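The values are calculated or read from the model by the stated rules, or taken from the named source; none is laboratory data. Values in this document were obtained by computation on a predicted structure and should not be read as measured data. We place every Cβ from the backbone using ideal geometry, glycine too, and count neighbours over all the protein chains shown.
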């Protein structure tokens, strides 16, 4: 029981040779006491209060290894690693499905089972050992609680005039949560054709594509949008500073609200400049202490089965998920056909 983005200027900057953030340094290979993380957004707090913030700070204190952090959409991070294949800059890659499967399929990850991986469920790690989930999460939507007395119950409600220019979802194929919109719609409507027919209608109310899911929640909180996509971990963490933000799950055709697991999965980059440091960081993220902080600090769900969170966030998350039907997507199919699904979405929506 957890996003994505890229304005043109950022893309050009990345292609030109991006600077690495968090702890300084201009080259991933310039410091042997460093580790570089490419990650989907959501686990690092906007005010330094996220799970990554605490984990990286503790890791640096205990090991002396500085964490260099680069954030973007899941698809963006994978594409960046592809461009750097001949000269890898990242040591650890963290993305949402199906992009972690995509990274493994393209040979971007090397096999490594972190300490504690034996406590991670089989569905939450790669059979070949190339990636392991470090934070569990679920797909969801957000709504403005001040403007809407209750969240929309069904997908069809979003087609009403009340939501004209008040809906936005992140871009499938670029953002992990944006791709999740397509995955859930295909499940809830019973197939790709039906899902695309609905999303074509939704365009009448949709503001337009967004490369970043994380930037949609503030718009909802301010009332610029009434509804947007997101995920439970990220959005629950954002409610600390966004009081008007509510989380909800659209119902399928049978009237039952549905969602699916969307974990943050981490892998060791093939030919990483600091593989040993990458292994240490993966071990650290899966350690019991850090897993116990996933809900209390990060607003997510621990991935280790032997860690049972009992903090206030864990209680709230359990209550939120009560009565929600959780289905399991065919990630192999989605990984294999993702490009086709995205192209079909573009054609249907004119995006």
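Annotations for the structure displayed:
- Number of residues in the stretch 294-303 that are farther than 14 Å from residue 119 by Cβ and within 18 Å of the chain's Cα centre (by Cα): the value is 5.
- Any chance residue 213 is assigned to a strand (DSSP E or B), under 26 Å from residue 320 (Cα atoms) and either modelled with pLDDT under 95 or touching a strand residue (DSSP E or B) at 6+ places or on another chain (Cβ under 9 Å) (or both): no
- Per-region count, the stretch 306-319, residues touching a helix residue (DSSP H, G or I) at 6+ places or on another chain (Cβ under 6 Å) and surrounded by fewer than 12 Cβ atoms within 10 Å (Cβ to Cβ): 1
- All of (1) in the same structural domain as residue 104 (by TED's automatic domain parsing); (2) closer than 28 Å to residue 102 by Cα; (3) modelled with pLDDT of 95 or more; (4) assigned to a helix (DSSP H, G or I) hold for residue 341 with one exception: (1).
- Residue count, the stretch 103-131 (criterion: closer than 22 Å to residue 259 by Cβ and in contact with a strand residue (DSSP E or B) (Cβ under 8 Å, 6 or more places away or on another chain)): 5
- Apart from one condition, residue 12 fits all of (1) outside any loop (DSSP other than H, G, I, E, B); (2) modelled with pLDDT of 85 or more; (3) out of contact with any helix residue (DSSP H, G or I) (no Cβ under 8 Å at 6 or more places or on another chain); the exception is (2).
- Counting residues in the stretch 156-167 that are touching a strand residue (DSSP E or B) at 6+ places or on another chain (Cβ under 6 Å), assigned to a strand (DSSP E or B) and surrounded by fewer than 19 Cβ atoms within 10 Å (Cβ to Cβ) gives zero.
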